[in-house]
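Participant: Starting off with a structure, shown below.
Every number in this text was worked out from the coordinates using simple rules, so none of it is lab data. Treat the numbers as computed from the prediction; the structure is a model and nothing was measured. Glycine also receives a Cβ, built like all others from the backbone with ideal geometry; neighbour counts cover every protein chain displayed.
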Amino acid sequence: MVLFYKAALDELLIVLDDMALPPGRLRARAAGSAGGHKGLGDILTALGSEQVPRLRIGVGQPPAYMDATDFVLAPFDDEELEMVDAAILAAADAVEDWVFNGLPFVMEKYNRKPES
């Protein structure tokens with residue numbers, strides 16, 4: 001689709017889960033490697049570049065007894081659902097901010113650690 005519409009890579013925003021971030025935390029970046037994320041790696045390979053903006057949504061680390069794939073595909077429990085709902089709303093706001101205000105604005109607003 002990117003080639004068909006002749007979209008520039010900076011006009012794309014990849015939104016993905018990230019086990020390296022605490023659950024619910026958001027982090028935006030302008031570019032970079034896949035960092036071991038297989039889905040992101042596939043996208044970057046297909047696009048032929050790492051220069052693609054992305055918004056990562058933290059899902060936390062799997063328990064020691066659980067495979068990473070099983071962890072990210074497992075349903076959320078009731079306690080996690082509240083946090084996930086809040087993260088989805090924040091991510092939707094971040095995407096809207098990206099459209100209207102640009103990536104630097106999103107990085108400044110959403111990459112901050114939550115206040116204790």
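Participant: Please work out how much length the chain gains when fully extended from residue 17 to residue 95, using 0.36 nm per residue of separation minus the C-alpha to C-alpha distance, in nm with one decimal.
Facilitator: In short, 26.6 nm is gained.
Participant: Considering only DSSP beta bridges with both partners in the chain, what is the antiparallel share in %, to the nearest 5?
Facilitator: Expressed as a percentage, antiparallel bridges in the chain total about 45.
Participant: Okay, moving on. Could you tally the net charge around residue 72, taking each other residue with its Cβ under 14 Å from the Cβ of residue 72, Lys/Arg +1 and Asp/Glu -1?
Facilitator: -3
Participant: Report the full-extension gain for the segment residue 113 to residue 69: residue separation times 0.36 nm, less the Cα-Cα distance, to one decimal in nm.
Facilitator: Fully extending the segment from residue 113 to residue 69 adds 13.2 nm.
Participant: Taking every pair of distinct Cα atoms and averaging 1/r, then inverting, what Kirkwood hydrodynamic radius in Å comes out for the chain?
Facilitator: Computed over Cα pairs of the chain, the Kirkwood hydrodynamic radius comes out at 15.2 Å.
Participant: Please compute the contact order of the chain in relative form: average sequence separation of alpha-carbon pairs under 8 Å and at least six residues apart, divided by the residue count, as a percent.
Facilitator: With pairs under 8 Å counted, the relative contact order is 33 percent.
Participant: Tell me which residues come under 5 Å, amide H to amide H, from residue 14 once H is placed; ignore anything under 5 positions away on its chain.
Facilitator: When sequence neighbours closer than 5 places are left aside, the close amide H contacts are 54, 55.
Participant: Once label points are set 7 Å from the Cα along Cα→Cβ at both residue 42 and residue 105, what is their separation, rounded to one decimal in nm?
Facilitator: Taking the two extended label points, one gets 3.3 nm.
Participant: Let me ask something else. What are the ³J(HN,Hα) couplings of the stretch 40-52, residue after residue, when phi is run through the Karplus curve with 6.51, -1.76, 1.60 and θ = phi - 60°? Round to Hz, x for glycine and proline.
Facilitator: Result, ordered by residue: 5, x, 5, 5, 4, 5, 4, 7, x, 7, 9, 8, 10 Hz.
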